[in-house]
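Data block below; observations after.
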Amino acid sequence: MKDRLEFLEKVIQQCAFSLEYDKKNCTFLFNDTYVDLVDYESFDTTMELLMNDFAELYNMINNKVALIDSVLIYTEKIAPWFIENEIEKAANFMSVPEIFIQSKNKKIVYKDLVKTKRFTPEKLKAEFSKDWESPAPDIIYFLSLNAPIFDNYKDQQSVDLGLLHYIFVRYCRAILNFHSKLEHCKNEFIEYGYYPPIDIQSRSVYDRCTLNMSKEEVPYFIDALIELNIIEFPGTNTEELKIKRNRFIDNNFNYVHDRDKNKVVAISRIVKEYSKMKTPTIEKDQKQFSLIKELVYSLCKRSEDFRKNLKYEDPIWDHVKNQFEKK
């Protein structure tokens, strides 16, 4: 990222947002995407990649404060406003209707685009009543905390509005974190007269292994490797092993975005995907079977290639391979 103008254009794009109410479908959109389809977990990764771009420029040029100031012009429009107005509180979020766009005739067909709702009032209340073994996911905690203001999510529109609020808070938090790092660098120079070095973020997708699968498929794949003793973690305590497994996945892997197959996202809070596996369904079992079958097929094909090269005859292997290929 050697082009300063190109970098600033990226900053402008990330700091430009829209909150929209679709009157026709009685639901909400963030940045022209319906709330049920917004990948809010990618916000942190996006800002980390932006920080990497900033670090490249920062470490190259002499006038570092000027670079920081040119970025703060845009982040200051969101970060201080977010803190001062306490937007994390639902009542405060509801008190700024002027930031909402209202649309009557969306060209896209909502029902074709959004096949299933991320949350319905019933689903959300079921999540609230769960006895979580570990801390509840951030989104459940956040929505439960703000439930009274949204009339306890009695209808679908209030659920969607609560979800929009959470998405917007996640977005603002990511920008606030980026903004705070830049302010820290500037204050270090003003107070101590030196420029602190900025390292490339190790959590970036550049430094992580990409699993070519969706996030919800990752637990099935990793657990299959654990059950086959291909990978293992030290220790015997079951809960400790789960924590080590989750931390290992969060720290080392990316996944492929469900809808945009060209988009790679750093995994975070894989515990959420594991919590979904606690309630088995036919659909989940089918996904697990398909993933493991694909893995077995790849291994069989690889084994067959080696066998041909070695000119190795094995009647048992022939039988296994033939049985598998029939399925």
Next item on the list: For segment 148-167, enumerate the residues that are in contact with a Lys or Arg (Cβ under 9 Å, 6 or more places away or on another chain) and open to solvent by less than 20 Å² (accessible area, probe 1.4 Å).
Entry: Tyr153, Val159, Asp160, Leu163
Margin query: Could you check segment 215-225 and list, in sequence order, the residues that are open to solvent by 50 Å² or more (accessible area, probe 1.4 Å) and without any contact (Cβ under 8 Å) to a residue 60 or more places away in the chain?
Written below: none
Checklist line | Pairs, first more than 16 Å from Met47 (Cβ to Cβ) and in contact (Cβ under 8 Å) with a residue 12 or more places away in the chain in segment 253-269, second open to solvent by 60 Å² or more (accessible area, probe 1.4 Å) and part of a strand (DSSP E or B), C-beta under 9 Å, six or more apart | finding: Phe253/Cys209
Note to self: Here is a check on your reading of the model: is Asp250 under 28 Å from Val38 (Cβ atoms), of a type outside the set (Gly, Ala, Ser) and open to solvent by 60 Å² or more (accessible area, probe 1.4 Å)?
What the structure shows: no
Item checked: Close pairs from segment 18-33: first basic (Lys, Arg), partner surrounded by 15 or more Cβ atoms within 10 Å (Cβ to Cβ) and not in a loop (DSSP other than H, G, I, E, B), Cβ under 8 Å, at least 6 apart -> Lys24/Tyr110
Notebook entry, point to check: What's the number of the condition Ile230 fails, among (1) among the hydrophobic types (A, V, I, L, M, F, W, C); (2) part of a loop (DSSP other than H, G, I, E, B); (3) under 27 Å from Thr45 (Cβ atoms)?
Noted result: (3)
Next item on the list: Residue by residue through segment 1-30, note down the ones that are over 16 Å from Thr46 (Cα atoms), aliphatic (A, V, I, L, M) and exposed (fewer than 12 other Cβ atoms within 10 Å of the Cβ).
Entry: Leu5
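For (1) open to solvent by less than 100 Å² (accessible area, probe 1.4 Å); (2) touching a strand residue (DSSP E or B) at 6+ places or on another chain (Cβ under 7 Å); (3) under 21 Å from Tyr274 (Cα atoms), each residue gets a yes or a no:
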| site | (1), (2), (3) |
| --- | --- |
| Glu86 | yes, no, no |
| Ala91 | yes, no, no |
| Val96 | yes, no, no |
| Ser103 | yes, yes, no |
| Ile108 | yes, no, no |
| Lys115 | no, no, no |
| Phe119 | yes, no, yes |
| Leu124 | yes, no, yes |
| Phe128 | yes, no, yes |
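The values are calculated or read from the model by the stated rules, or taken from the named source; none is laboratory data. From a predicted model like this one, the values you see are computed outputs, not experimental measurements. Here Cβ is always computed from backbone atoms with ideal geometry, including for glycine, and neighbour counts include all displayed protein chains. Calculation scope for accessible area: heavy atoms of the full protein, side chains included, ligands and nucleic acids excluded. Shrake-Rupley method; radii C 1.70, N 1.55, O 1.52, S 1.80 Å.
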